[in-house]
Structure formats: structure tokens, C-alpha cells
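I have placed the structure first, in the form of C-alpha cells, so that the comments after it can refer back to it.
The values are calculated or read from the model by the stated rules, or taken from the named source; none is laboratory data. Keep in mind the model is a prediction, meaning the values are calculated, not measured. Cβ placement follows ideal geometry from the backbone for every residue including glycine, while neighbour counts extend to all protein chains displayed. Surface areas here come from the heavy atoms of the whole protein model, side chains and all, with no ligands, DNA or RNA. Shrake-Rupley method; radii C 1.70, N 1.55, O 1.52, S 1.80 Å.
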Amino acid sequence: MGTLLESIHSPADLKLLNFAQMADLAEEIREFLIHTLSKTGGHLGPNLGVVELTLALHTVFDTPADKLLFDVSHQAYVHKMLTGRLDRMNTIRQPGGLNGFMLRTESEHDCFGAGHAGTALSAALGMAVARDLAGGTEHVIAVAGDGAFTNGISFEALNNIAEQTKRLIVVLNDNEWSIDRNVGAVARYFHKIVTNEHYKHLHDSAKRIIEKVGGKTAVEVARRAEEAAKSMLWPSVLFEEFGLQYFGPIDGHNIPLLVETFKFLKAENRPVLLHVLTQKGRGYQPALDGQKKFHGLGPYDPETGETKPAGQLTFAEVFATTLSQLANQDEHIVAVTAAMPSGTGLDLFRPHHPKRYFDVGIAEEHAVIFAAGMAARGYRPVCAIYSTFLQRAFDCIVHDVALQKLPVLFCMDRAGLSGDDGPTHHGLFDIAYLRGVPDLVLMAPKDEDELADMMKTALRLPGPSAIRYPRGVGPGAARKPEPQVISVGKAEIIKDGNDVAILGLGPMTTLAKELAARLECAGYSAAIINPRFVKPLDRDVLADYAGRVAAFVTFEDHVKMGGFGSAVIEALAEMGSAVPVVRIGWPDHFIEHGKVEELRAKYGVSVDEAQSQVLPLLARVRRPALAAR
Ligand SMILES: Cc1ncc(C[n+]2csc(CCOP(=O)(O)OP(=O)(O)O)c2C)c(N)n1
């Protein structure tokens, strides 16, 4: 670790540095991030891009009194380093370590947690209005990327800011990238400003003014900073019409310019937006060459940027290749992503069917209603959206898709515990929020081959459907050359048995098989069932086993409340069955970040837990029968 960096224990230490030292500190921070994240993984590119911006913000403002918010907050690592968490940065995203996003419980400097995009402006406005009501004087600053401005909530906030407060600072951190290249009219608009010749001229003169500031009196410094900031007043019709005074665009890597501009802006008595240009991955060639990869990644070689070669296909890759295959046979199939082409795998679909591929920006609600519109005109849209991000679009699923009986297929990647990203990214609620939607078919494949079959099946249904599958690789099942249609609402009996029926939803069938093997060793006859469908649930199979077994066990990678096991209990209760059900799933609690296996063990989402709960039930009810055999 560099010597300057070691001396920073809080933002107060930063305020003692001159601009030259701050520039050196920026390099030390980059070096530290590149090496530390090579072991932990994390959002390297976005953080390398905001080093100077974060230094300038913490030099001018005083957190925790002033309120600094980052949209998504995946780019808040430098903020964490400067606010007393430097010595724990090597634990970021690790079990028991720092979270990869801002977390209110982690530090008083994290005034608002995030993980999902588009929230910073609304939350900041809420804080500004709370300050105004309470008669406070603190500053509120929201930093949001250009990607976040493709999100509807950002615009809902913009629409409301000037009506509600006179003091709010919005920083648009424009690096022209979302995770992939930023898309849409807003991205094009920002690009037009940035590439305008007039901007370059303004920028050069502002830079010159600031460079001349050194050695002048405080009054002269303030005057020149104001001159510089004013000279960057380049009208932006968009933001001006929203009632925000627009400044910029300015070089987001020029510390003196940033510091002087923020000093000027903090005295403004009107909401302002500062457009800052930054380079994602700055200072690290592999990240500049591989913007997408270095947005967020696992451990890598710091010298070369290389990561472990990919092995078996992930569920996302199986999804995308299957969709390309199915789209070859049906020209009505179209694919929709909300700014996640690489994460969902759809970047593999795009080259095969460029005209049937739609990236709508970070706009899940729009993605769903857009898909509904296409479905209403005879297309078969497939919305590939992570389980956690689809939460946003719940009403659109109900009101715009299901109620209108439109055949949109939702492919929910990252359904289940997401691991390192933590509670903002775990996909643990989708069954609960989709199960109550009338006529929606909800499935979970046990492996890659079944995912393909379910996609083919779903694309023939007359109404809405959803398939949930987890992050990363599955069990590695061989795939048939052609996916097959499966019977809707029919479970797969993997093995019959008479003492206990074990249902493992999706890839949790592996746990069901392991439990069955253990119970067989203990002398019980265990049935293994792959439910395939959460909705419609296979009531015939449940009724059959309810008449024979002493207990059911359900495994799901989802919260227990309102989940698959709950659906089984409801169905059994409606049948008048009193057979007990042991439910294995996540508790009614936000699960922290960590390694999936460790968290499963900690929270009892395990075969051990199932065994300890089911054995007493079997012993009590079945022992005499067993003894008689
Ligand atoms: C609602 C939602 N959808 C998708 C994502 C996934 N996501 C995380 S960061 C990101 C891109 C953000 O781009 P930008 O705001 O420009 O920040 P940058 O990484 O470029 O600094 C996306 C799409 C998310 N966090 N939240």
C-alpha cells in the first residue's frame, strides 16, 4: 500500500493534501484496487473511473454530515477506502467482510444503500426535502452513471426535483458505458454533448483558468473557480427544462477542476447537475480493453487481467443458445434485455438474430410492457431479466401481461442465492411474487437439458410463463439435439418410494437425491420428485404420495415464506391431508453476501437440516411398519 494512502483514515485527512499529493494518491488508489480486487473480485472498471471524482467529493463535502449517494453503488469502493474501511478492503465481497455496495449498517458515511439502478436521485431528493423541512444546512449529492439515466425512476425524480427543493447536487458520471455500451436516445444525447467541438474549447479554457489558480489569495481562487465553472455553462435543453442548472461536461479526472467546481456548486441556491466525463477502467489496460468483463468480475491475474478459462456452459449460456435455436424455427420469437446482454447470455443470441434482439436500457418495467406490446401483435417475446431486477416490474407482469393473457416468457437468471453480491442481488422472492398471478405458468428446470425443454414448452403456451434458474453452471447434463415439449403441470418422478416424498425444485433435486440416499441407508423408502412446475402444481402426484408417505420434504433456493414448500402445504391442506411437510429454504431474513455453500450451511438450506427434521417424523410414524418388513 502506498504511503499517502496509508495516511488516510477519514475524509479529514484528505483535506490536508494539496492537488499534487491528491494526484499521487489517485495513482496509489488505482494500484491498490487493481491488486486487491485481483484476489476478491469485484467492480474494478467502474471504480477505476471514479477515483478523482470521489477524491474531489470527499475534499469538498463533509460526510457523514453531508449526504453522498451513489446510484447502484457498485462504484463506491473508493468512497469506502476514504471513509475508514481501507484496512478491510481485502475482505470486500468475502464472507463476513465488507459488502460490495453501500450499506447503511456498514458505515455512517453510507447514508443510503443500493444495488439496483436508478434510485439515487429519488433518495437524494427525499433527503434534501427532509433537510429543508427540518431547517438543516447539509448538502445532498447524488452520483449517477449515464446508464442510470436510461432508467425511468431517474427521470421520475428529475421531473420532481425543481418542484421540491432549491438545493440538490446531481453528478452525472458519464463514461458512455452501462455494463455493455449504453443505449438509447439519452446515451446518444450525452454522446452528442461530449463530442461537440464547442465542448472541447470550453473545457480547455476552463482547465487553463483552474491551472492559473495556484498561489492566489482565497478570494481570487474563489473568483477564478467561479469563472471556470461558469465558463462551463453549456446549455443542456434536457436538464434545463427539468429545472436543473446544467454544468459541464468537465473532465472527471482533473482533480483541481473537480474540486473548484464542487466548491462553486455547493454555494448554489438552485438544483444543479454536473456532467462529468470519466473513463471506465482508467489506468489499467486490460480493463480499458475489456470494458464489459471488467465491469464486475471474479479474481484475475493483476499482471495480465486474465481470469480462469470458462469451463462448462452456464445456465445463461444454455438459455441463449437454446433461444437462438428456437428462434431459427420460429420467426416470431424476439428477445428483450434490460441492459444485461452479457449477464443474461443474450449477447450470444444477438449475432444470430440482430433484428429480433432488443436492449431497452436499465428499464425493467418498460422491458416487460414493451414485450407485452409485441406479444399483443403476435410476437413471442422472451424477457431475460434477473430474478432480483424483475421485482421492479411486478405490476407490469400483472397488469400488462397476465391480465391481458399475453404470451410473454420471463427467463429469470440468478434465481436463488447470488452469493458475493449479497442481499440486493439474491433472487429469493420470485416464486412468492409470481405464484399468485392468475394463469401464469412457473417452472424451474433441474438441469440444462430441462431448461431447453421448458423454453420450448413455454413458447407454445397461450399465456404468460416464467422459468427460474440459478447463477452459474448447472449439474452439466447432456443436452438433446432438439428440445422436447413437456406436459404442463406434470412433475417428474425420479424414483418412487413409500415412506417419504422428497421434492427438490430446480437444481435442488441434487439435494433431494442426496437426502434420499441417506434415508435409504437408514432403512426408509424415499421417493425423489422433480416438481418442474411451481404453478400449476402437480396435485395428482401430491395426492398420490399423501396417501402413502409419512412426510414430505421440499427443497427450494427461495424464501420459505410464500415459496414452493408453501404451495405444497396449501395444496395438501386443500386436499385435507395432514401429512407433515419439512420445508427447506431461506428464512424470513435478508441474507448477507458470502459463499453460497457457507450460507446454505449457516441457514440450514442443507441436506443435514432436512435429515435432522425429517428423521424424527419418520421414526415416530413409520418405525413399526419398518420393523414388520
Ligand atoms: C434495476 C437494475 N437493473 C440492472 C442492474 C445491473 N447493473 C448494474 S450496474 C449497471 C450499469 C450501470 O451503468 P452506469 O450507471 O453508467 O454506471 P457505470 O458502471 O458505467 O459506472 C447495470 C445495468 C442493476 N443494478 N439494477
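Descriptive notes on the structure:
- Residues located in the stretch 443-457, provided they are of a type outside the set (Asp, Glu) and either surrounded by 24 or more Cβ atoms within 10 Å (Cβ to Cβ) or within 16 Å of the ligand (Cβ to nearest atom) (or both): Met443, Ala444, Pro445, Lys446, Leu451, Ala452, Met454, Met455
- Residue within the stretch 416-430 that is touching a helix residue (DSSP H, G or I) at 6+ places or on another chain (Cβ under 9 Å) and more than 27 Å from Asn99 (Cα to Cα) present: no
- Flag not set for Gly361, criterion: more than 16 Å from the ligand (Cβ to nearest atom), outside any helix (DSSP H, G or I), open to solvent by less than 10 Å² (accessible area, probe 1.4 Å) and at pLDDT 95 or above.
- Residues of the stretch 162-171 that are crowded, with 24+ Cβ neighbours inside 10 Å and either over 19 Å from Pro46 (Cα atoms) or touching a His at 6+ places or on another chain (Cβ under 9 Å) (or both): Leu168, Ile169, Val171.
- Residue satisfying all of: in the stretch 419-434; open to solvent by less than 10 Å² (accessible area, probe 1.4 Å) and under 23 Å from Ile397 (Cα atoms); farthest from the ligand (Cβ to nearest atom) among these: Ile431
Let's see how each residue does on (1) among the basic types (Lys, Arg); (2) under 23 Å from Gly145 (Cα atoms); (3) touching a residue at least 40 places away in the same chain (Cβ under 8 Å):
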position: His9; (1), (2), (3): no, no, yes
position: Lys15; (1), (2), (3): yes, no, yes
position: Ile29; (1), (2), (3): no, yes, yes
position: Gly49; (1), (2), (3): no, yes, yes
position: Leu69; (1), (2), (3): no, yes, yes
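- Residues of the stretch 37-59 satisfying the condition of being part of a helix (DSSP H, G or I) and over 19 Å from Leu5 (Cα atoms): Lys39, Thr40, Gly45, Pro46
- Odd one out for Ser487, checked against (1) assigned to a loop (DSSP other than H, G, I, E, B); (2) open to solvent by 40 Å² or more (accessible area, probe 1.4 Å); (3) in contact with a helix residue (DSSP H, G or I) (Cβ under 8 Å, 6 or more places away or on another chain): (3)
- The set of residues in the stretch 364-404 that are assigned to a loop (DSSP other than H, G, I, E, B) and more than 11 Å from the ligand (Cβ to nearest atom) comprises Arg377, Gly378, Tyr379, Leu403, Gln404.
- Test set (1) more than 16 Å from the ligand (Cβ to nearest atom); (2) surrounded by fewer than 21 Cβ atoms within 10 Å (Cβ to Cβ) - Gly41 fails condition number: (1)
- Single residue of Ala320, Ala316, Ala327 found to be at pLDDT 95 or above and either within 16 Å of the ligand (Cβ to nearest atom) or part of a strand (DSSP E or B) (or both): Ala316
- Matching option when the condition is under 31 Å from the mean Cα position of the chain (by Cα), within 21 Å of Glu556 (Cβ to Cβ) and surrounded by fewer than 16 Cβ atoms within 10 Å (Cβ to Cβ), among Pro475, Pro462: Pro475
- One residue alone among Leu68, Leu33 is open to solvent by less than 40 Å² (accessible area, probe 1.4 Å), within 16 Å of the ligand (Cβ to nearest atom) and in contact with a strand residue (DSSP E or B) (Cβ under 6 Å, 6 or more places away or on another chain), and that residue is Leu68.
- Filtered residues of the stretch 1-42 (kept if under 15 Å from Ile255 (Cα atoms) and touching a Pro at 6+ places or on another chain (Cβ under 6 Å)): Phe19
- Condition met for Leu511 (buried (at least 24 other Cβ atoms within 10 Å of the Cβ) and within 22 Å of Gly474 (Cα to Cα)): no
- Asp588, sole failed condition from (1) in contact with a strand residue (DSSP E or B) (Cβ under 7 Å, 6 or more places away or on another chain); (2) in contact (Cβ under 8 Å) with a residue 60 or more places away in the chain; (3) within 30 Å of Ala114 (Cβ to Cβ); (4) open to solvent by 20 Å² or more (accessible area, probe 1.4 Å): (2)
- Scanning the stretch 549-564 for residues that are under 26 Å from Ile467 (Cβ atoms) and touching a residue at least 40 places away in the same chain (Cβ under 8 Å) turns up Phe552, Val553, Thr554, Phe555, Glu556, Asp557, His558, Val559, Met561, Gly562, Gly563, Phe564.
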